[in-house]
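Reading through the C-alpha cells given below for one structure.
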Amino acid sequence: MILSSMLSVCSYKTLRRNFPTKIAEPKVLPLLQFAWDEYLQEKKKELRGETWEYPSNVMCFIDGQLLGDEKMLLKWAYDVWDYKDFKPTALYEAITSDFLTKYLKAKKHIFVFMEIAVQEVSTGKLLFELYSDICPRTCHNFKCLCTGEKGYSESGLELTYKDSIFHRIVKNGWIQGGDIDGGKGNGGESIYGPVFEDENFAVPHDKRGILGMVNKGRHTNGSQFYITLQAAPYLNTKYVAFGQVIEGSEVLRELELSETFNERPVLQCRIINCNVFQP
C-alpha cells in the first residue's frame, strides 16, 4: 500500500463529495505493493513514449489523459476547483496502515517474510501470502521452514530457510531456493520427512511472483521452492503453487538481474532472516 496512492484516493473522494455533479463516483480496487508495481509496469508498456521513464508510483488520469502523480492531481484540484489539502502526512500514514492491516486480516491467510542479502548486504524483504485455505499442508511446511519451529529432521538436518541461498536463476523463468542441505540444488527436506505429496494444482502460474514447490517428479516436494518471474503456464499440473509475493518488487528485481554462470548466481544471494508476518 503506497502512501501517495492513499492521498490521491482521499483527495478524489473529497472532490466527489464537494462536486457530486461534476466528479464521477470513484471505483477503488485495492492492490498490494507487488501487484500495484506490476500494474504500473504494464500501464507504462501500454502508454509507451515518455511514460516508460515515468518515475512516480502514482498515475493520475483526466478524461483518459495522463495528468501526472499525486502532486499534479492536487495542483489540478486547486487550479480547477480551488481545492487544497491541509491534512497532515501522519494522518494518511495512519489511514494507510489501518487499511492495510484490515485488508490482510480479512484474507485469513498466513503471511511470511524473507530478508535477502546479496554478498552479505541486505537488499530488503520479500513478503509472501500463503494460500493456506487451498494448500494447507504445503503452506504449513513452508511456514514452519520460515520459523524454524520444527528443529531438526530425523537425519539431523536443521529445518529452516534461514542462511540458505537462492542457488538458481532462470532468466525469464523463475528464481529457485530452499535447498537447506548445502545449497547445491539437489537437497532439502520437508517437515513431514524427506518428501511429501502434491497437494493439488488449483493455483495457476498466471503471473510474476507466484510461489511454488520444486520437485523431482510427482509427490517429491521437500523444501526447495521457486518464485516465477513471469506467467509460466507450462508449470501448471506439474508443480504445486501455493502463494504469491505481495511486497518486495525491487528485491525480486535485484535477484532476477543477478549475474549468473550456468544459472547459478555469481554473488551469493542468501536468506538472512525469515519468519511469520503478523498484519
Give me the strands (runs of 3 or more DSSP E) completely within segment 1-118, filtered to those with at least 2 residues that are in contact (Cβ under 8 Å) with a residue 40 or more places away in the chain, ordered by residue number.
110-118
If V80 satisfies all but one of (1) over 29 Å from the mean Cα position of the chain (by Cα); (2) under 27 Å from Y103 (Cβ atoms); (3) surrounded by 12 or more Cβ atoms within 10 Å (Cβ to Cβ), what's the number of the condition it fails?
(2)
Only unsatisfied item for G68, checking (1) loosely packed, with under 14 Cβ neighbours inside 10 Å; (2) touching a Ser or Thr at 6+ places or on another chain (Cβ under 8 Å), is (1)
Counting just the residues of segment 1-30 that are aliphatic (A, V, I, L, M), within 24 Å of L252 (Cβ to Cβ) and touching a helix residue (DSSP H, G or I) at 6+ places or on another chain (Cβ under 6 Å), which one comes out surrounded by the most Cβ atoms within 10 Å (Cβ to Cβ)?
M6
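Conditions tested, residue by residue: (1) assigned to a loop (DSSP other than H, G, I, E, B); (2) surrounded by 18 or more Cβ atoms within 10 Å (Cβ to Cβ); (3) at pLDDT 95 or above.
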position	(1), (2), (3)
L127	no, yes, yes
T138	no, yes, yes
F142	no, yes, yes
K150	yes, no, yes
K162	yes, yes, yes
R168	no, yes, yes
G188	yes, yes, yes
N200	yes, no, yes
P204	yes, no, yes
Could you list, in sequence order, all residues of segment 186-220 that are under 17 Å from H167 (Cα atoms) and of a type outside the set (G, A, S)?
N186, E189, L211, M213, V214, N215, K216
Of all residues in segment 170-183 being under 18 Å from the mean Cα position of the chain (by Cα) and on the phi > 0 side of the Ramachandran plot, the one that is surrounded by the most Cβ atoms within 10 Å (Cβ to Cβ)
G178
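Kindly check whether there is at least one residue in segment 115-133 that is assigned by the TED database to the domain that holds I271, of a type in the set (S, T, Y), closer than 23 Å to E263 by Cβ and more than 19 Å from the chain's Cα centre (by Cα).
Keep residues of segment 115-133 that are assigned by the TED database to the domain that holds I271, which gives 115-133.
Checking which are of a type in the set (S, T, Y) leaves us with 122-123, 131-132.
Add one more test, that the residue is closer than 23 Å to E263 by Cβ, and what stays is 123.
Then drop every residue that is not more than 19 Å from the chain's Cα centre (by Cα), which leaves none.
No, there is no match, as no residue in segment 115-133 is assigned by the TED database to the domain that holds I271, of a type in the set (S, T, Y), closer than 23 Å to E263 by Cβ and more than 19 Å from the chain's Cα centre (by Cα).
The values are calculated or read from the model by the stated rules, or taken from the named source; none is laboratory data. Computed from a prediction, not measured in an experiment: that's the story for all the values here. Cβ sites come from the backbone with ideal geometry, for glycine too, and all protein chains shown count toward neighbours.
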